[in-house]
């Protein structure tokens, strides 16, 4: 039984081969930042308001014109089909059923069009600025046609983070079963049956681009073929020209960069350290959020991700000024544990936890949540 | 042998089925608040006064006209009969023998009248404001007739806390023995013999109200039938009209809410986070106490509960301005370990520890305990 | 091989029955203060001075007219013969060989005269103010005749601390072998052979007073027969009249009480929490030392004990203004490990560690050690 | 496979006898400072700059006229041949291949001339001021002739640190196989084969000086024969006269001593606590660095060592004002794991990690790294 996100994680861990599980769960180098994302939340304490009528509550919010059931949406994640063959299709189904936004990744392992066809909720598109601007442009165009509502530009990957677990596990795309991981995979027949036979996990699925025939380390391929380390703010300006819908910049960790994003026309930022997968040594995102809100909260939407595992985490971020949170790993655990249903279940748990937290804080709606409801542990 | 509260807890754990033990011991979600209640005390350090004549000491206090043997009284706890068939009767006997107040819960599993009949010490009544005001009114009236001395309105349960242990353990009322917990229960023959055969644990015992015939999850039943999430300060005003004895508000965590309670006529507040069972992410109560005392300590009694396990904990709370502490789990451990005698024994341990702490601090009475006897660790 | 105090502790633990080992090693209640005594030292960091000529170093100090080999002396400890039959005699021999002061306890298990006969170094006498002033007076008189150099009045025991290990272990005086601890004792043949047959561990040895024939719990006996909880500052005044040599007050934890001691004529204080054996919840002594030094360091000697296990600990205390440190458990571990030789060995280790620490700090003598050589971790 | 320094350490631990491994890995006494060197880095958090063109990056720096591939050079380490027979020769080969400086130790176990013959990169010489100034002078002269570029005077060893692991392991020079460590050594056949037969590990190798025939404890020999505890700042002045190339002082932990070093003509300092091997209780070096930079950073080069295990550690030190870092143990692990190739591999890992960290921070060169890229955890 899945009572919380942690249950889903445990179930996913049992079902996935180690290399796949750690590809998702792991962080860069010593995982200091990965852990900081979690521990950061615990240093913020609630200050509830008693005896407020909370009989009628509403966790929904309006985000760039879409009404979603809660202040939580789905992060982009790459190569989702390593977890289950249906991959992004099931995520889109689950997100739609739960009534929130799914941010499709440019590194998705299914085509935008196929995903849009099964999605009942709003879709966003996340892009990297790749070397080949025309390729990015064509994907943005396809997203527009497919009805994507907002664009999210990820900026914290000029080079690939040092994810040592993947190197240790010999993680490649497509995943290869070899002597080292044979038994580990063989003990997960459900995953093996799902993945066997087929080329659904080549990089061809990256919206039509192909790394050749051999299995390659992910980072190696991405750095060699796609990433553009020369990317700068002019790329944001270019994207701003290209796209007249809502545009967000994901991977902001300081007030300065948030202000810069606003200058260049972004409608929002996502405070993010890429789930602790890029630069190890960054603070937890909840600790970076306050300065970003203080600097730019009045002129743009501030979202955040990183370590969000409980409804209380979401409400803490709201209290510090975030508009909404995003989650990545939690829905992947749901996907591994139960497909589209699993994704929906994890999202429903979040919604229930958010709702209960509002009630216990004396807040009826997300708008009622403000800075007075929280304090830094040990402060007065 | 029981030398301290922790010994009683260990003995209770051995005697009770896991589902029952965790129903009492557990907290909400990740139990951050549950743990904060304990660790908070350790950050306060004593500053003793040497060479004071402490030959004649007195731990007793006067609380709303009753002289009790120590600044510690018994919290209300629901469904006490899941621990032993005598339940609240034995608690009342133990509290009376130890010379302190027992706060009877509106969710008690024996009737007020039966409890009052065996109680030799003062009784208080705790109430929730349920949807059915007449029901609450009738219970308050019965409490008045039974001689209850004070009324305590709990305000931190507009909805039921997310106690995942109970969900995991399939904890219902009445407890059902099923495949999953058969062996666990069978290995506790003492508890099993005590509980077998009889309907003493249906919700009928909640002062005459009944959930129907089937075993149900506690939170589900309470939320569906009783709780009133629309409760607000007017309910306190209503209760103030109804009851002219001492009235306390339990579940206060901020200065603002303490002041509000005073405005509405409360004679005291209990700083409490419901033993970490409601909103996870609240600070430990000892950390919330100082601001409440600073704001309202001059106009009302400030009690506190949460994590109180030692006489030193009680004296630390006194030094920070509390009038007295309350304990819940400790007396339930005593009840599980030794019935009425066990309750008395746990309370006696508290009294002896308080007495010894006074002596070692250079204080003869509770009145001698003030803010100069304590400091926050690391401060000057 | 014994390379440090911790080695001696481990060896003592192997050789002593659990009840005896824990009688010495344990603290009150949850041992928060016991642990704080150790962890406190780690929060102070050295600031060395480089390139100072430290070829000629001298760890000795002058204390009330006696030159001792290092700024470390021996705390009083009661009932030392539970560890080895020679008890205090061997401690006195070891202290003398190591060239430092042994503070004989009023609760010693050998007579002052016998100890003085074998002591080659200076002796101090520690006293409690017992109910029977004449008894104390006669012991002080015997100490004077035996050549004791200073008197140390312990003030933190108006009642006996709550040492639960002793209660759990059924620790009595004399120690009794019973069903519960038979095997534990039988596995320590060295200790058993040493202790068997003889009444050397009755309370008769407390300088001639006797609790009767039966084994009793230590605290019970002391509280019933000896302790004077009505003791106050007038007792210090009385002792000041009685004794014209150096007089110290042991068990001071605040600036206020240090100043009071000075007013009443004390020549020094020992900052002490009784090794964490009395009130649990007191800060570590190294954390209490600075305020005592700031208030009274210019008018009296400030000594300290509690958790001193390394030469670096001693030097940290010196840097914070202490004149010297005292140790109790470390020499008892030496005694258990190797009799008089073991005591000497432990003290020599301290001296060597102090000497090396001075050299590495750029200090040639104890006088060179000042506040500039240390900082609180994290401060500038 | 070696993915990071920690992998190299684990491999070295498997290959080396315990006494040898701990001789390298261990610190003084309770290893508080050893650990502080590591944990200190984790309290500093990065503040990246987004969307900077980092396509062209350069990790190289100019240090006293030499261009090296990265801001990391090799610390001196004594008796390197206990790890592998080639010892310093392989280190010099590896450092040269990686393109950075190797600081040859005065306690090296191969001659300066032999090392210089195989070194393709710049060499520095580290010296202690030994009692016999002529001996030091002759070594400095040999270093000059061999082309050493800078001189580094270590000042934190007036006496030998208390490295209890070595005492426990009976670590001598040359290492002796005895009853206690026979099996431990026998299980490392690779090391045993390499070390067997030959006198390459006598102290004769210390540039021609000999302790006699017997194996002796290292500290004993050094203190008896070589160390000069009377060393003071005049020795620095003397060395300044002797050597007109760059001169650094290693072992500085305070602003005062850095300023003093500048006064006496040093061109740089190395903030160092000797890898936690001398005075236990010193802060981690990253915590001492800021005050040294603030005081003397404008007039001399500030290097640092101690706990540097990741490229992020190096970049944190740079951000706090260091010119470069030095590492000791990491290259010894590389040497144990793979000889000259292993040394090169560890250094290459550092370079790649530094390069990736620059990219992810938005910095193209070491000069782009400044104080704005870092903050102390919890500060704003």
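Values in this text are rule-based calculations from the coordinates and carry no lab data. Note that the structure is predicted; figures quoted are calculated from it, not measured. Positions of Cβ are backbone-derived with ideal geometry, glycine not excepted, and every protein chain shown enters the neighbour counts.
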Give me the inter-chain shielding for C:50-61: mean count of other chain Cβ atoms within 10 Å, whole number please. 6
Note down the relative contact order for the stretch A:1-154 as a percent, whole number, built from C-alpha pairs under 8 angstrom at least six residues apart. 15
So how do A:88, D:344, A:241 line up by other beta-carbon neighbours within 10 Å, fewest first? A:241, D:344, A:88
Per residue of A:279-287, count partner chain C-beta atoms within 10 Å of its C-beta, then hand back the mean as an integer. 6
Just need the relative contact order of chain A here, percent rounded to a whole number, with Cα pairs under 8 Å and 6+ apart. 29
Could you work out how far the C-alpha centroid of the stretch C:103-155 sits from that of the stretch C:40-100, in angstrom? 20
Please order D:184, A:62 by the number of other Cβ within 10 Å, starting at the fewest. A:62, D:184
Only bridges with both residues in the stretch C:51-151 count here: give the DSSP antiparallel percent, nearest 5. 30
Grab the beta carbon distance between residue B:217 and residue A:120, set R0 = 25 Å, and tell me the FRET efficiency rounded to 0.05. 0.20
Chain B: most fluctuating residue of B:74, B:104, B:282 per GNM, C-alpha cutoff 10 Å: B:282
Cβ crowding within 10 Å averaged over residues, with A:257-268, D:228-239, B:153-164, C:307-318 ranked highest first: C:307-318, B:153-164, A:257-268, D:228-239
Under the rule rounded for a/c under 1.5, else prolate if a/b exceeds b/c, else oblate, using alpha carbon gyration tensor axes a ≥ b ≥ c, the protein assembly as shown is classed as oblate
Please list A:359-371, B:110-122 highest first by mean number of surrounding beta-carbon atoms within 10 Å per residue. A:359-371, B:110-122
Evaluate E = 1/(1 + (r/R0)^6) for residue B:183 and residue D:113, where r is the Cβ-Cβ distance and R0 equals 60 Å; express this FRET efficiency to the nearest 0.05. 0.20
Would you mind calculating the relative contact order of the stretch C:1-86 from Cα pairs under 8 angstrom and at least 6 residues apart, reporting the percent as a whole number? 17
So the angle from the long Cα axis of helix B:285-296 to the longest Cα principal axis of chain B, reported in degrees to the nearest 10, equals 60
Specify, for chain C, the residue whose C-beta is closest to the rotation axis mapping it onto chain D, with the distance given in whole Å. C:378, 7
Taking the DSSP beta bridges in chain C as the whole, what percent of them are antiparallel, to the nearest 5? 25
Of all DSSP beta bridges in the protein assembly as shown, antiparallel share, percent nearest 5: 25
Measure nothing fancy, just the Cα-based angle from helix B:329-361's long axis to the longest principal axis of chain B, in degrees from 0 to 90, nearest 10. 10
Could you state the angle between the C-alpha long axis of helix B:5-15 and the longest principal axis of the C-alpha atoms of chain B, as a value from 0 to 90 degrees rounded to the nearest 10? 10
In 20 Å bins starting at zero, report the fraction of Cα pairs in chain D per bin as a rounded %. 29, 61, 10, 0
Where q = 0.17, 0.19, 0.23 Å⁻¹, what log10 of I(q)/I(0) comes from the Debye formula for the stretch D:219-348, counting one point per Cα? -1.00, -1.14, -1.28
Hey, what number do you get for chain B at 222 nm if only DSSP H runs of n ≥ 4 count, each worth -39500 (n - 2.57), divided across all residues, to the nearest 500? -12500 deg cm²/dmol
Global form of the stretch B:75-167, assessed from the alpha-carbon gyration tensor, a/c cut-off 1.5: oblate
Per-residue average of other protein chain Cβ atoms inside 10 Å, peptide A:308-315 -> 3
Copy-to-copy label separations for residue D:55, where each label sits 7 Å from Cα toward Cβ, in nm and ascending: 6.5, 6.5, 9.2
If I build a Gaussian network model for chain B, linking alpha-carbon pairs within less than 10 angstrom, which residue out of B:73, B:242, B:16 has the largest mean-square fluctuation? B:242
Build a GNM of chain C with springs between Cα atoms under 10 Å: which of C:147, C:107, C:87 gets the top mean-square fluctuation? C:147
Ascending list, in nanometres, of distances separating the residue C:234 label from those of the other copies (7 Å, Cα toward Cβ): 6.5, 6.5, 9.2
Quick check: convex hull over the Cα atoms of the stretch D:1-150, volume per residue in Å³, rounded to an integer? 176
Calculated FRET efficiency, residue D:370 and residue D:14, Cβ-Cβ r, R0 30 Å, to nearest 0.05? 0.15
